[in-house]
Number of protein chains: 2
Amino acid sequence: MERLFEPRAVAVVGASRDPRKVGHSVLRNLLAGFEGEVYPVNPHADEILGVRCYPSLSEVPGPVDLAVIVVPAPIVPEIVREAGEAGVKYCVVISAGFSEAGNEELERELVRAAREAGVRIVGPNCLGIINARSGLNASFAAEMPPAGSIAFVSQSGALATSVIDWFSSGDVGAIGVGFSKFVSLGNAADLDFPDFLEYLAGDEETDVVVLYLEGVKDGDAFAEALSACAGRKPVIVLKGGRTEAGAEAVSTHTGSLAGSGEVYRGVIEQCGGIFVEGFEEAFDTAKLLAKAGPPRSDRVLVVTNAGGGGILAADALHESGFRLPEPDGDPSVLPEEAATGNPVDVLGDADAERYRVALEEFADPDRYGAVIVILTPQSVTEPARTARVVAEFAEEFPGPVLGVWMGRHSVAVGVRTLEEAGVPTFPSPERAVRALRNAALWAKII
Amino acid sequence: MERLFEPRAVAVVGASRDPRKVGHSVLRNLLAGFEGEVYPVNPHADEILGVRCYPSLSEVPGPVDLAVIVVPAPIVPEIVREAGEAGVKYCVVISAGFSEAGNEELERELVRAAREAGVRIVGPNCLGIINARSGLNASFAAEMPPAGSIAFVSQSGALATSVIDWFSSGDVGAIGVGFSKFVSLGNAADLDFPDFLEYLAGDEETDVVVLYLEGVKDGDAFAEALSACAGRKPVIVLKGGRTEAGAEAVSTHTGSLAGSGEVYRGVIEQCGGIFVEGFEEAFDTAKLLAKAGPPRSDRVLVVTNAGGGGILAADALHESGFRLPEPDGDPSVLPEEAATGNPVDVLGDADAERYRVALEEFADPDRYGAVIVILTPQSVTEPARTARVVAEFAEEFPGPVLGVWMGRHSVAVGVRTLEEAGVPTFPSPERAVRALRNAALWAKII
């Protein structure tokens, strides 16, 4: 699939001059970041967005690896045949009006045309694809997600746009979270989850894979590809249609047979995938894994300046199957009133230096597989300086270090420092622990 | 307790000139918003922050209802006796160094002194109290939380500061969420959960109560007060120390006996309280209840421009015990491809007007007890205009309307509009449904 995600040249069939049309958005997105040749195809225009336009694919002067198709559904099969003749390898069919609209026969015709022409299809009825690392935005998404190592393959284009919007926001919690590949599957008439799992398993730019999945067509092929990919890198699966009500909605949405949630959960977990129940949980887990990796053991140390925050973390850790052995450092490095069990409570008047002392004394890398550092803003708290202390510590500590800077207003500067340094942060202990649990399940540690 | 939350005059015993000291912060906070007399007490100063200082409580010229005490622990009992003689009704003892530091006898002496002097005590070892509606900040919290109708009683001062920080942030999701009373219980040597529950049950400024609780001293008194309060308004209980690991941390934090989480859950739910498992869940639920109230039935309509978002909402609703009956409106008001089951999928190209049509046609107030409106940013989506449409609809609809504007960057303006109009928003379907479920449990609807 290298030519899909790293094409040398891209054509947009159905490029439009009208800024309100998808055929315009796609062309604009391609011109914004893609470094190869871009050929708009439109028989009624000479030039769009300053780029010369061609009446048909066959008249495009150079070789084209990828054609993005945004013409009305009935003529898509014909365009795909023409693409094959022009040597195109991949077509991303954004056009809607196929099986999702009851036109199953047109979709079968599209697939036949593709097979005959030797072309592979993404879609139809999809948002498009993105390679954020190379700058290729072959979609009508309004923005380019930041570059990084998470791949997202989604059976819902709209969820993909929400994710892009979230991580393009400059929100401090989203800093340093980036994407390698984005794929909107649409109806997945040809290329489907198994194909992309196989590709992403070997993709060196992808460390973590997230799937939003409503249903699969070939359960065995899916399970096999998932097992192979999850054996090499974490695969997080958000399953839409886990329940009767959700499954009914799925059948009207993508026409997939949703199947029972418990069956899916069983299959996904058996294949080594991470089954998550929500949108935030999916990307909290992806952030942790992309930035810091899984815990190295089931023993976690909690360091906190707030008794309550530490207790909530301990509860969540215990419920998730982690252990909290007491540290064997010297309690006298902290004030007498500090608690030197686990959590280590450095007390409400802790400055950054006291966190440093506590981490150095108690966070023994042989004893603990992960460390959660909690900070609540109190009178003398130093959210930013403490973040620098934790970031320095995280560089040395072999397992993941998670920051929970609770609040927003006065802690945001610390959250920014942590995320920029690659320390994943979470707004509450329970969200940090949920992500850590998922990472540990993948690593078969709990 | 009216004199505690609405004192006519407040003294700060241990007021300090040193800005780094708690005795300074408390005085500054009181002067910032409290409209009655404030008397700093410090034998070594004539004036602090431009206010005349008195050498002792007995020399303060006017009557004092509330004394905030920030002197070293050993002399606190003596100050409390003096307070009683000066006619003070309530002492908020911020000073630490009592039972939490192993000085149980000093704490018993404090309680004896208070009984003998006819004074009631908040604390010791606490952050203080706040009446956000009147502007009384008798605490050393860095900021005043916005005024509203949520009361928060916390056995952890640090969690209270995190909550203040969160809701003072200007974050769009926090808009319009405000507080009536804030209480940091500290060691709760005298006034405790039952006392505050009894007061808050009758407090007209409080619509929703949130407790962060590690342990209770008198289970029967707690259960009785919780039942009485929860019979009048929602009481959300976040229990720290649900597990063995958490309970161990509790014993070093507040010295409470945490008890088993399941026992607590049982008691709290039997008394009509809402047992929550996390910090975000607690305040998501409080926001929903304070802004929009509980659902009026177990039947929920979902309207979405994203199939995937609607499916995730349907799954979460089904798992929570809600029903999603299909609407009986006229499908022809929407484009043919739209799904007019439940969820109603208005499609990715929906503008604000299409949402309006769908809500008017399908959101029958006799059929549905709540409505969830989901928006993901797509090419022609109108986050802000759609928010205005939903806000107008919510004014007419008798049950709660919840907004899920998924993303951040381009939807924030819509979230602001919704929250300002009193429509609670949530960043994901699962968080909206979790809050709705908790509200329905309180109202005994599911």
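Rule-based calculations on the coordinates, nothing more; no lab input. From a predicted model like this one, the values you see are computed outputs, not experimental measurements. Here Cβ is always computed from backbone atoms with ideal geometry, including for glycine, and neighbour counts include all displayed protein chains.
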Checked against the positive end of the charge dipole of segment B:300-442 (+1 on Cβ of Lys and Arg, -1 on Cβ of Asp and Glu, about the Cα centre), the farthest of B:378, B:432, B:313 is B:432
How far, in nm to one decimal, is residue B:202 from itself in the other copies if the label point is set 7 angstrom along Cα toward Cβ? Shortest first, please. 7.6
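Which longest run of chain B has no exposed loop site in it, a site being GluC sites (Glu not before Pro) in a DSSP loop with at most 10 other beta carbons within 10 Å, and the site itself not part of the run? Walk me through the numbers before you get to the answer.
On the way: sites that count: B:35, B:204, B:336.
Result for the longest clean stretch: B:36-203.
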Long-range amide H contacts for residue A:236: which residues qualify at under 5 Å (H placed 1.01 Å from N, peptide plane, sequence gap of 5 or more or a different chain)? A:209, A:210, A:211, A:274
Between residue A:147 and residue A:56, what length comes free when the chain is fully extended (0.36 nm per residue of separation minus the Cα-Cα distance, one decimal in nm)? 29.4 nm
Say the dipole of the protein assembly as shown comes from +1 at the beta carbon of Lys and Arg and -1 at that of Asp and Glu; which of A:50, B:240, A:172 then lies farthest toward its positive end? A:50
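First measure r as the distance between the Cβ atoms of residue A:360 and residue B:323, then evaluate 1/(1 + (r/R0)^6) with R0 = 60 Å and state the FRET efficiency to the nearest 0.05.
0.60
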Residue farthest toward the positive end of the dipole of chain A, with Cβ of Lys/Arg at +1 and Asp/Glu at -1: which of A:229, A:119, A:342? A:119
Inter-chain Cβ neighbour average for residues A:276-282, partner chain, 10 Å: 5
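With respect to the cross-link table entries A:89/A:217; A:287/A:444; B:239/B:444; A:287/B:233, which display a Cα-Cα separation exceeding 30 Å?
In this structure, A:287/B:233 exceed 30 Å between Cα atoms.
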If you place +1 on the Cβ of every Lys and Arg, -1 on the Cβ of every Asp and Glu, and leave all else neutral, what size is the dipole of the protein assembly as shown about its Cα centre, to the nearest 20 Debye? 680 debye
Reduced to Cα centres, the span from segment B:291-328 to segment B:341-414 in Å works out to 13 Å
From the label point of residue A:365, set 7 Å along Cα to the beta carbon, how far off in nm is each other copy's matching point, shortest first? 6.4
Evaluate the distance, in nm, between pseudo-label points positioned 7 Å from the Cα of residue B:46 and of residue B:6 along their respective Cα→Cβ axes. 3.8 nm
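What number, rounded to the nearest 500 deg cm²/dmol, is the helix-based mean residue ellipticity at 222 nm of the protein assembly as shown, given -39500 (n - 2.57) per DSSP H run of at least four residues and division by all its residues?
Details: 30 runs with 333 residues, N = 892.
Helix contribution divided over all residues of the protein assembly as shown: -11500 deg cm²/dmol.
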Test of the criteria: in segment B:351-401, which trypsin sites (Lys or Arg not before Pro) are in a DSSP loop and have at most 10 other Cβ atoms within 10 angstrom of their Cβ? none
Classify segment A:300-442 from the C-alpha gyration tensor, please: rounded if a/c falls under 1.5, else prolate or oblate depending on whether a/b exceeds b/c. rounded
According to the Kirkwood expression over distinct Cα-Cα pairs, how big is the hydrodynamic radius of chain B, in Å? 23.3 Å
For chain A, the dipole about the Cα centre with charges only on Cβ (Lys and Arg +1, Asp and Glu -1), to the nearest 20 debye, works out at 700 debye
Which distances, in nm and shortest first, link the residue A:63 label point to the same label point in every other copy, taking 7 Å along Cα→Cβ? 9.5
Exactly which trypsin sites (Lys or Arg not before Pro) in segment A:412-446 are in a DSSP loop and have at most 12 other Cβ atoms within 10 Å? A:444
Ranked by Cβ crowding within 10 angstrom, fewest neighbours first, how are A:253, B:409, A:24 ordered? B:409, A:24, A:253
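Could you list the chymotrypsin sites (Phe, Trp or Tyr not before Pro) in segment A:229-317 that lie in coil according to DSSP, counting only those with at most 15 other Cβ atoms within 10 Å of their Cβ? Don't skip to the answer; put the middle values down first.
Values: sites: A:264, A:275, A:279, A:283; in loops: none.
Filter output for segment A:229-317: empty list.
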